[in-house]
Protein chains: 2
Amino acid sequence: MIRTPEAFREKGIEVKVGHKVMALDPAAGRVLVRDRESRQEKWEPYDQLLLATGAVPFCPEVPGSDAAGIFGVSSLQSGMVIQRFLETESPRQAVVVGGGYIGLEMAEALIRRGVSVTLIDKAPQVMATLDTDMAALVANTLTDLGVNLRLGEGLKEFIIRDGRVAAVVSDAGEYPADLVVLGLGVRPNSALARDAGISLGVKGAIKVNGRLQTETAGIWAAGDCAESFHLVTRKPIFVALGTVANRHGRVAGVNLGGGYATFPGVVGTAVTKICKLEVARTGLQEREIDGLGLEYAAAVIKSRTRAGYYPGAAPITVKVMAEKGSGRLLGGQIVGGEGSAKRIDILAVALHAGMTVAEVIDLDLSYAPPFSPVWDPVAVAAREAAKLV
Amino acid sequence: MIRTPEAFREKGIEVKVGHKVMALDPAAGRVLVRDRESRQEKWEPYDQLLLATGAVPFCPEVPGSDAAGIFGVSSLQSGMVIQRFLETESPRQAVVVGGGYIGLEMAEALIRRGVSVTLIDKAPQVMATLDTDMAALVANTLTDLGVNLRLGEGLKEFIIRDGRVAAVVSDAGEYPADLVVLGLGVRPNSALARDAGISLGVKGAIKVNGRLQTETAGIWAAGDCAESFHLVTRKPIFVALGTVANRHGRVAGVNLGGGYATFPGVVGTAVTKICKLEVARTGLQEREIDGLGLEYAAAVIKSRTRAGYYPGAAPITVKVMAEKGSGRLLGGQIVGGEGSAKRIDILAVALHAGMTVAEVIDLDLSYAPPFSPVWDPVAVAAREAAKLV
């Protein structure tokens, strides 16, 4: 799916590689484009403009961050740079800074290559998008894998020797390192839009309406640089995920092409895999529900991914949150073995539909021994939550 | 989960094994119970009565059906009987009659035990619950496995020698067999209810309302003996599946216990596994939609179960049907490798919610390379269907 400029040209689309937009002039309907090779700049006119500038990795403001051996991971290219470093420099001790999706996936990848790994995160848990109890299951797996987990420790400084990283200092300890991977999340790359006077919204993401129009005429925004609407909180949210960006792209494309499409919004679905552990979440976590001032009940159940007697049945833990009184489903989290993660889609669709947990109990979900117990674990969790609301 | 009478007794529930209900007398509120050991019969009174008599396998009215070597499969017990026959008689040639879930699963099991298998079905396809195009994918897998598939051939007679089955005669051929497995489906076991004057409904299943009350005061019915309500056709349907029976049981139990619960209905979800092939369906198939007189569009797409570059990505075919004009989702079918089947739950929940295919496109479904391409195959199929309605 990585297409060349030639492939686009065949469809009548001109792709200019090596050209960077330096500024926007919405009043005149033009953009200032620099040819990186010739270094020449030129204003080019537009009728409709799509901003799809993506996100940029969060860089810590810590001395020595630009030393050799310290890497961010934000693109295929940055992954290849780390791979080459592993091959040529054979690092032995790595520190991963940040316990989110990227940090955890990198920790696993490095351990599997024989590098010893310390992971530090200033939060008291890994995966801030999970509740503390569910995140603890993930932390156990990391520890079992051999990761030296240092939670509740903020990054303080890097110790550099001869221009290379030699150690990472947290506010609680010092960890020798000949490789550091930063997984501190991303922020929307919206500087170009901001400088042109285009309204920004939550966390600096470009403010858009349901058609992905900005507040400036003729300018649209899609992907990691733009806001999304959260269907459960009914508020804008910044989500930097490939799924959302792809769906944004379809909607913006239809609209720019003169059609009509809207992006209904997100419910906060995300999944990942750490070793054999599948991890999934959707909707609101406890912290988010508290933030809205809602009263809720949470149920956590343990079950199996398949019929108990079927080979390969693995443990699965499902957590479901529902609003007190109404019973409205608010969110869910799943941690378990093979076959766990994609079950989150049941709760994601139920959130889109605004279902109650009582309605989730009686969903006509699929069952056969290789795929599920006769009561799907998600329905079991909903059943328990329904007793508490 | 197989509980003993003692386990029930501890909870204050008396379980009488070896007792059979011979007749119902709803007017007097009593049942005639026979003790199978002593052969004594006794009328026992009830306030509330639950009929959970299940289903009985469909038996063909064909000469010789009761010969040795001919088996139905309807319970754990009947499976054990076949297993013992395989161990003691070492059959070499089996004929499976019926190409539904049970027939296909038995064909696979027998082939894996080294028995050669011929499967006959009077329909021109296997799995009548799938559309012809999707069923063809399943048939290919059976043929690859070595099953001699004889479709469009009705069962005519059994050839018996010395009280044992020797061959199966269809209306097109004769197949030697020292083992015959019947997989002709089930019918509701509703004779007791019928004889007591309780109203029966579709296919002879006991007629019930949303609380699973029969039309006779004080009598309830649940499981394979009772009707369900189909949320897409808005009509009663007979579904003999463990999931539905379990959900019936919960609702009937709450109501019998003096509480209040309703069974919202089914959307027609079912899954199975044939070799490595996962097969799933929900909602209405083309034949059912035609039967309702609705106009519809069907889209079939091929994708992968995981990101294309991720190890273990398997082919998956998804079919989605939607009503012309409204775009209302009507049904879906999935055939593919590991990770395919449970995706049907996305469409099942969407059917419960009455979603359109346009709404399915933008569902916030989970994505990570080990679990899905960035556009879930189900969303891709919905996207194609949305173009056609």
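May I ask you to list the residues in the range A:66-105 that are among the basic types (Lys, Arg) and in a loop (DSSP other than H, G, I, E, B)? Don't jump to the end; show me each part of the working.
Here is the first cut: in the range A:66-105, the ones among the basic types (Lys, Arg) are A:84, A:92.
Result: A:ARG92, single match.
Being part of a loop (DSSP other than H, G, I, E, B) and either of a type in the set (Asp, Glu) or touching a helix residue (DSSP H, G or I) at 6+ places or on another chain (Cβ under 9 Å) (or both) narrows it down to one of B:LEU142, B:LEU184, so name that one. After applying the criteria, what remains is B:LEU184. Within the range A:211-230, the set of residues being at negative phi and out of contact with any strand residue (DSSP E or B) (no Cβ under 7 Å at 6 or more places or on another chain) comprises A:ARG211, A:GLU215, A:THR216, A:ALA217.
In the range B:312-328, the residues that are of a type in the set (Asp, Glu) form Cβ pairs under 9 Å with partners that are open to solvent by 60 Å² or more (accessible area, probe 1.4 Å) and in a loop (DSSP other than H, G, I, E, B), at six or more places apart or across chains, as follows: B:GLU323/B:GLU295.
Just checking, how many residues over the range B:226-236 are over 19 Å from B:LEU50 (Cα atoms) and within 11 Å of another protein chain (Cβ to nearest Cβ)? Steps first, answer last, please.
Residues of the range B:226-236 over 19 Å from B:LEU50 (Cα atoms): B:230-236.
If we keep only those that are within 11 Å of another protein chain (Cβ to nearest Cβ) too, we end up with B:230-232.
Total meeting the criteria: 3.
Close Cβ contacts (under 6 Å, 6 or more residues apart or on different chains) running from residues in the range A:113-133 that are over 19 Å from A:ALA94 (Cα atoms) to residues that are assigned to a loop (DSSP other than H, G, I, E, B) and at pLDDT 95 or above comprise A:PRO124/A:GLY152; A:ASP131/A:GLN285; A:THR132/A:GLN125.
Pull up the range A:238-264, narrow it to residues that are touching a helix residue (DSSP H, G or I) at 6+ places or on another chain (Cβ under 9 Å), farther than 17 Å from A:PRO188 by Cβ and open to solvent by less than 40 Å² (accessible area, probe 1.4 Å), then point me to the one that is farthest from the other protein chains (Cβ to nearest Cβ). Among residues in the range A:238-264 that are touching a helix residue (DSSP H, G or I) at 6+ places or on another chain (Cβ under 9 Å), farther than 17 Å from A:PRO188 by Cβ and open to solvent by less than 40 Å² (accessible area, probe 1.4 Å), the one farthest from the other protein chains (Cβ to nearest Cβ) is A:GLY259.
Of all the criteria given as (1) in contact (Cβ under 8 Å) with a residue 60 or more places away in the chain; (2) closer than 17 Å to B:ILE274 by Cβ, the one not satisfied by B:ALA139 is (1). For the range B:282-291, the condition of being more than 24 Å from B:GLY99 (Cα to Cα) and either out of contact with any Pro (no Cβ under 8 Å at 6 or more places or on another chain) or at the interface with chain A (Cβ under 7 Å from one of its Cβ atoms) (or both) holds for none of the residues.
From the residues in the range B:167-189 that are open to solvent by less than 10 Å² (accessible area, probe 1.4 Å) and not aliphatic (A, V, I, L, M), which one is farthest from B:GLU61 (Cα to Cα)?
First, pick out the residues of the range B:167-189 that are open to solvent by less than 10 Å² (accessible area, probe 1.4 Å): B:167-168, B:170, B:177, B:179-181, B:188.
Add one more test, that the residue is not aliphatic (A, V, I, L, M), and what stays is B:170, B:188.
On the way: B:SER170: 14, B:PRO188: 18 Å.
Once the filter is applied, the top-ranked residue is B:PRO188.
Looking across the range B:365-389, the residues that are more than 7 Å from chain A (Cβ to nearest Cβ) and of a type outside the set (Gly, Ala, Ser) come down to B:PRO369, B:PRO373, B:ASP376, B:PRO377, B:VAL378, B:VAL380, B:ARG383, B:GLU384, B:LYS387, B:LEU388, B:VAL389.
The residue that is farthest from B:GLU105 (Cα to Cα), counting only those in the range B:145-166 that are without any contact (Cβ under 8 Å) to a residue 24 or more places away in the chain and in a strand (DSSP E or B), is B:ARG161.
For the range A:213-230, filtered to residues that are open to solvent by 40 Å² or more (accessible area, probe 1.4 Å) and within 19 Å of A:VAL254 (Cβ to Cβ), the residue that is nearest to the chain's Cα centre (by Cα) is A:PHE229.
Among the residues of the range A:266-280, just one is open to solvent by less than 20 Å² (accessible area, probe 1.4 Å), more than 8 Å from chain B (Cβ to nearest Cβ) and touching a strand residue (DSSP E or B) at 6+ places or on another chain (Cβ under 8 Å), namely A:VAL279. Restricting B:ARG34, B:ARG30 to those that are farther than 25 Å from A:TYR367 by Cα and either in contact with a Phe, Trp or Tyr (Cβ under 6 Å, 6 or more places away or on another chain) or surrounded by 19 or more Cβ atoms within 10 Å (Cβ to Cβ) (or both) reduces the list to B:ARG30.
The values are calculated or read from the model by the stated rules, or taken from the named source; none is laboratory data. Remember, predicted model here, so these are calculated numbers, not experimental data. Cβ: placed from backbone, ideal geometry, glycine included. Neighbour counts: every protein chain shown. Surface areas here come from the heavy atoms of the whole protein model, side chains and all, with no ligands, DNA or RNA. Shrake-Rupley method; radii C 1.70, N 1.55, O 1.52, S 1.80 Å.
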